[in-house]
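Remarks on the structure that follows.
The values are calculated or read from the model by the stated rules, or taken from the named source; none is laboratory data. Note that this is a predicted model, so its numbers are computed, not measured. Every residue, glycine among them, receives a Cβ derived from its backbone with ideal geometry; neighbour counts consider all protein chains shown. Just the protein is used for accessible areas: all its heavy atoms, side chains included, with ligands, DNA and RNA removed. Shrake-Rupley method; radii C 1.70, N 1.55, O 1.52, S 1.80 Å.
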Amino acid sequence: MLDAIDILQIQRVLSLYSHIVDGREWGRLGEVFEDAAVFDADAHGKGVSEGLAALRARWEQSPPARLHHHTDTVVDEGDAPGSARALSKAISTMGGGGTSAGAYRDDLRRTSAGWRIVRRVAVPLTIT
């Protein structure tokens, strides 16, 4: 069962993602993701990356065009002991002043180093 400390630690990991990615601190990705983590951005047309090395290689070649902001995070227990699910809304500020909205669906696992994302799915959101 998740307690308040678990939820705060998970929210910290999710927030830390934005700071690491926006700061282009690729050597710190292991503070957020497990080594074999999957990042699915297929709904954005950016495919699926598996593992920290693949994520780092992909992001190192991308221009620093966004600032990432997580909001409205909801954390629930996962299916297995020591796991959790989180749903967050995301707002990205892009170069040139535009913004985009999306959501992150995360599966996390408690590790010896703390909570880490094992799978992140990024989906765009639109206002209809």
task = Provide the descending list of Cα extents for segment 1-65 along its principal axes, expressed in whole angstroms.
result = 38, 22, 21
Magnitude of the charge dipole, the chain, Cβ model with Lys/Arg +1 and Asp/Glu -1, debye to 20 = 340
task = Tally up the carbon and sulfur contribution to the accessible surface of the chain as a whole percent, 1.4 Å probe, everything protein left in place.
result = 53
query = Net charge near Gly102, counting Lys/Arg +1 and Asp/Glu -1 over other residues with Cβ under 14 Å of its Cβ?
reply = +1
ask   = Hey, with R₀ at 22 Å, roughly what FRET efficiency would Glu77 and Ala113 work out to, going by the Cβ-Cβ distance, to 0.05?
value = 0.60
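With contacts defined as alpha carbon pairs under 8 Å and 6 or more residues apart, what's the relative contact order of the chain in percent? It would help to have the intermediate numbers written out before the result.
Working: 235 pairs, mean separation 32.3, N = 128.
Over the chain, the number comes to 25 percent.
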message = Run the simple label-point estimate for Trp26 and Glu50 please: 7 Å along Cα→C-beta, distance reported in nm.
response = 2.1
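In nm, what is the difference between 0.36 nm times the number of residues separating Asp3 and Met94 and their Cα-Cα distance? Working shown, then result.
On the way: separation 91, 0.36 × 91 = 32.76 nm, distance 3.57 nm.
Once the chain is fully extended between Asp3 and Met94, it gains 29.2 nm.
What is the magnitude of the charge dipole of segment 56-101 about its Cα centre, with +1 placed on the Cβ of each Lys and Arg, -1 on the Cβ of each Asp and Glu, and no other charges, expressed in debye to the nearest 20? Walk me through the numbers before you get to the answer.
Working: 5 positive and 5 negative charges, 60 e Å.
Using Cβ point charges on Lys, Arg, Asp and Glu, segment 56-101 gives about 280 debye.
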request  = Select from Ser112, Ser88, Ser15 the residue whose mean-square fluctuation is largest in a Gaussian network model of the chain (Cα-Cα springs shorter than 10 Å).
outcome  = Ser112
key: All-pairs Cα distance distribution in the chain, expressed in whole percent, bin size 5 Å   = 2, 11, 20, 26, 21, 12, 6, 2, 0
query = For helix 4-22, what angle does its Cα long axis make with the longest principal axis of the chain, in degrees from 0 to 90 and rounded to 10?
reply = 20
key: Whole-number accessible area per residue in Å² for the chain, which is evaluated in the context of all protein chains at 1.4 Å   = 57
